[in-house]
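First up is the structure itself, then whatever we jot down about it.
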Amino acid sequence: MSTKATELRKGMVIERDGDLLLITDYSHATPGNWRAIIQVKTRSLLSGQTGQFRPAAGDPFDVAYLDKKRCEYLYRESNGDYMFMDAESYEQFPLSHDLVGEAMSFVRENASVEITFHDSTPIGIELPSTVVLTVAEAEMAVKGNTASNTKKDAVLETGFKIRVPLHIVAGEEIKVKTESGEFHGRANN
């Protein structure tokens, strides 16, 4: 599907020079009787690189068709790839560490996540804003330190290291913000 530069919007994904570009910022100005000035900032979904360009108002762009599927994380292979299974077709496929990045620090085995596909090729993983994970290891709290807003180190079941309040102990389930990797609170049972 082709669209003009004036019809582009923030959040759209376009195909340009063999790359998928997410539009992160878009501005369209028409100063006086001059031609329109369009400024587009993008981030590549394949490489993660950011960039910007100024298209002419009538330049055509191909809008990418992206499909999101609910998939289940199975396990990590010895070569570092992560194995997932499509929840509908039960088809298994690997995703490289380069593609999923640090997002796997918040995904436990057998958890459901949304994976974005382009032409049946997986290109990214989408996490909820918070996830519930179990604390595997936590330092012991020192008696008398509980009155202040002091935090201690803890390791989650996925191996992710986090700072938690002193009252959190090993074996407890907590909520973690996936955007920042910060403690969000105790999980409600």
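Observations
- Of LYS152/LYS175; LYS41/LYS175; LYS69/LYS177; LYS41/LYS69; LYS10/LYS161, pairs whose Cα-Cα distance is over 24 Å: LYS41/LYS175; LYS41/LYS69; LYS10/LYS161
- Simple spin-label estimate for ALA111 and ASP19 in nanometres, 7 Å along Cα-Cβ: 3.0 nm
- Sparsely packed loop sites in the stretch 55-115 (the chymotrypsin sites (Phe, Trp or Tyr not before Pro) outside DSSP H, G, I, E and B with at most 15 other Cβ atoms within 10 Å) comprise TYR65, TYR90.
- Top positive-direction residue, dipole computed over the stretch 66-126 with Cβ charges, set SER120, ALA103, PHE93: ALA103
- Modelled label positions at LYS69 and PHE93, each set 7 Å beyond Cα in the direction of Cβ, lie 0.5 nm from each other.
- Ranked by how many other beta carbons lie within 10 Å on average, peptides 160-166, 97-103, 32-38 from highest: 160-166, 97-103, 32-38
- Charge sum, other residues only, whose C-beta stays under 14 Å from ASP17's C-beta, Lys/Arg counted +1 and Asp/Glu -1: -3
- THR50 versus ARG163: modelled label distance in nm, points set 7 Å from Cα along the beta carbon direction: 2.4 nm
- At R0 = 45 Å, FRET efficiency that the Cβ-Cβ distance of LYS10 and GLU137 yields, to 0.05: 0.60
- Relative contact order computed over the chain (Cα-Cα under 8 Å; 6+ residues apart), in percent: 14 percent
- Helices in the chain, meaning DSSP H runs of at least 4 residues, each add -39500 (n - 2.57). Divided by all residues, the mean residue ellipticity at 222 nm is -500 deg cm²/dmol.
Throughout, read-outs are computed from the coordinates displayed, never taken from laboratory work. This is a predicted model, so every value here is computed, not measured. Note: ideal-geometry Cβ built from the backbone for every residue, glycine included; neighbour counts use all protein chains shown.
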